[in-house]
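Structure, as structure tokens:
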Amino acid sequence: MGLRLGFLLAGAVFAAVLVVGTAAKPDAEARWRPALKVTGAVDVVGPRKDGRLVIASTQGLFLYRRGGALTPFARGPQGFVPPIGETYIALGRDRRLSAAGCRFRRDEVYVLDPAANPGVIKVDRQGHAQRLVSFPGYFLSGITFDHIGRFGSRVLVTALANDKLTLFAVDCKGRSRVILQDGQKVEGGIAVAPASFGRFGGQLIAPDEFGGGIYAFDSRGRTALVARSGLPGGADLGVEGVGFIPSGFTRRGTAYFSDRASPGSPTPGTDAILTLPGVKLQRARVRAGDLLVATEAGAVTLAIRCVRRCTVRRIGSGPGATHGEGHVTVVQAREEAGQATRRGLRSSLALSSCSSRASRCASVLFCSDRRERTVE
């Protein structure tokens, strides 16, 4: 793999270019496998506090716990009605914006209405939907939440007009601020990099499915080319989704990617949520802080690691028919368990421990009551 690093500083735009040759196919690739049938699967993010993932589809929103069944979410008269298009989603975090006089709340879902009435729809934890902001005249191509804080802990939206990017940061009252205008076209699952991701820590990372580049955008509107994928580009072909390996990731974790049936596309899709087990990621020498990038056609998967410089490796692929959409979401096993499940486990352990000491308690019931008050 040949690497050439160059830097270009021109006006307000700083470009850090890492040119990468075609990623060689490894001897033994990690393979994405369909785990769940979802008609019109568009995106998967999470987990929520309870450990469940949020899935967006042409049917609406669903909640899902690994190994369980789909649970419809945000239905009913005040619920979410899916618009036409790629309704990518982002999951909120608890963040209070003092200057704005409002706060984001954990597990709120932010959904793109990409084309018909461009904007962002907020769905609260009870499943009630309302429009947060509108962006008339744009095609909305990506959304994520700034959990690091370099953009002021806001919802970040990539919007296209005449094949040029406008990057918006939206606060909890729906007020938007332009970060960048006339920028590099990007589309798909986007993510904010952890602080450990070299010089790009805290920046917005987004793919360009046509040119094959992975780009970084900072809070001052500067653009950097993180890496070239070296993979074929074009409509419904190139790099589509990105996601980071979380800290503490183990072999028991899982990566998720949506595969949408798309008749007439180069790859037809299968209407499924694909999974890649943590054990296979570890065998591919992927570690916390690495960026996973998957293509729309075939879910060809790269691992990008940025420290002083960035390196790119091809580590896997999906079924040949895969038509990937949205984010690559990587989850630790303990996050999927959910806080409620973990609390129940700790309570059970406390009760078990207390029961074993019953001879020192007036009664097992009294002992368990006393112990359970100290849990959480």
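Assorted remarks:
- Among the residues making up segment 214-230, those that are at negative phi and assigned to a loop (DSSP other than H, G, I, E, B) are 218, 219, 220, 222, 229.
- The residues listed here are 39, 22; of these, the one that is modelled with pLDDT under 95, among the polar types (S, T, N, Q), under 21 Å from residue 188 (Cβ atoms) and assigned to a loop (DSSP other than H, G, I, E, B) is 22.
- Taken over segment 95-146, the criterion of being surrounded by fewer than 16 Cβ atoms within 10 Å (Cβ to Cβ), free of Cβ contacts under 8 Å to residues at least 60 places away in the same chain and part of a strand (DSSP E or B) is satisfied by 96, 130, 131, 134.
- Annotation: of all residues in segment 76-94 being touching a Gly at 6+ places or on another chain (Cβ under 8 Å) and not in a loop (DSSP other than H, G, I, E, B), the one that is surrounded by the fewest Cβ atoms within 10 Å (Cβ to Cβ) is 91.
- Scanning segment 245-261 for residues that are hydroxyl-bearing (Ser, Thr, Tyr) and crowded, with 24+ Cβ neighbours inside 10 Å yields 256, 258.
- Here no strands (runs of 3 or more DSSP E) wholly within segment 252-296 include at least 2 residues being touching a helix residue (DSSP H, G or I) at 6+ places or on another chain (Cβ under 6 Å) and modelled with pLDDT of 95 or more.
- Of all residues making up segment 261-278, the number that are out of contact with any strand residue (DSSP E or B) (no Cβ under 9 Å at 6 or more places or on another chain) and not small (Gly, Ala, Ser): 1
- Scanning segment 181-213 for residues that are out of contact with any Lys or Arg (no Cβ under 8 Å at 6 or more places or on another chain) and part of a strand (DSSP E or B) yields a count of 6.
The values are calculated or read from the model by the stated rules, or taken from the named source; none is laboratory data. Worth saying up front: this structure is predicted, and the values here are computed from it rather than measured. Quick reminder, even Gly has a Cβ in these numbers, built from the backbone with ideal geometry, and neighbours come from all protein chains shown.
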